[in-house]
Amino acid sequence: MTTVTFHTEGSRITGFEAKGHSGYAAAGEDIVCAAVTSAVRLAECTLNDVLGLCASVKVHEKTAAITLRLPGGMAPGAESTCQALLTGMMVYLTSLHEEYPDFIEVLEA
């Protein structure tokens with residue numbers, strides 16, 4: 001199962017960790033893993049390449065995990081954009097959980 005944990009401080013999402021393989025299908029054919037990977041990559045590219053925010057991204061190959069943390073001290077506009085992006089990602093992954101409840105879990109910590 002894939003577990004995505006969104007880290008929060010109050011109502012602010014500070015980052016997330018996605019780990020594990022969903023087990024929905026064989027590697028290369030797993031639509032749940034592909035959907036999660038795509039969402040993670042979209043968030044990382046938007047934050048770092050489009051907005052230029054230098055969010056911390058760590059890939060943990062041994063545990064099949066990726067961790068993303070937002071930088072602190074962002075301007076209000078950037079903060080608002082980041083929160084909208086990560087909230088949208090959470091909604092999307094929660095919807096994916098509703099469709100594939102045995103293969104993905106979405107948590108807040």
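The values are calculated or read from the model by the stated rules, or taken from the named source; none is laboratory data. Nothing here was measured: the structure is a model prediction, and the numbers come from that model. So basically every Cβ, Gly included, is an ideal-geometry build from the backbone, and we count neighbours across all protein chains shown. Surface accessibility is based on the protein's heavy atoms, side chains included, excluding ligands, DNA and RNA. Shrake-Rupley method; radii C 1.70, N 1.55, O 1.52, S 1.80 Å.
Tabulated values for the structure
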{"quantity": "Counted residues, the stretch 12-57 - those being among the aliphatic types (A, V, I, L, M), touching a Ser or Thr at 6+ places or on another chain (Cβ under 9 Å) and open to solvent by 70 Å² or more (accessible area, probe 1.4 Å)", "calculated": "1"}
{"quantity": "Condition broken by LYS62, with the remaining ones in (1) open to solvent by 80 Å² or more (accessible area, probe 1.4 Å); (2) outside any loop (DSSP other than H, G, I, E, B); (3) modelled with pLDDT of 95 or more satisfied", "calculated": "(3)"}
{"quantity": "Criterion (open to solvent by 60 Å² or more (accessible area, probe 1.4 Å), of a type in the set (Ser, Thr, Tyr), modelled with pLDDT of 95 or more and within 13 Å of the chain's Cα centre (by Cα)) met by exactly one of THR94, THR87, THR67", "calculated": "THR87"}
{"quantity": "Every residue from the stretch 15-27 that is over 21 Å from GLU98 (Cβ atoms) and either over 11 Å from the mean Cα position of the chain (by Cα) or not in a strand (DSSP E or B) (or both)", "calculated": "ALA26, ALA27"}
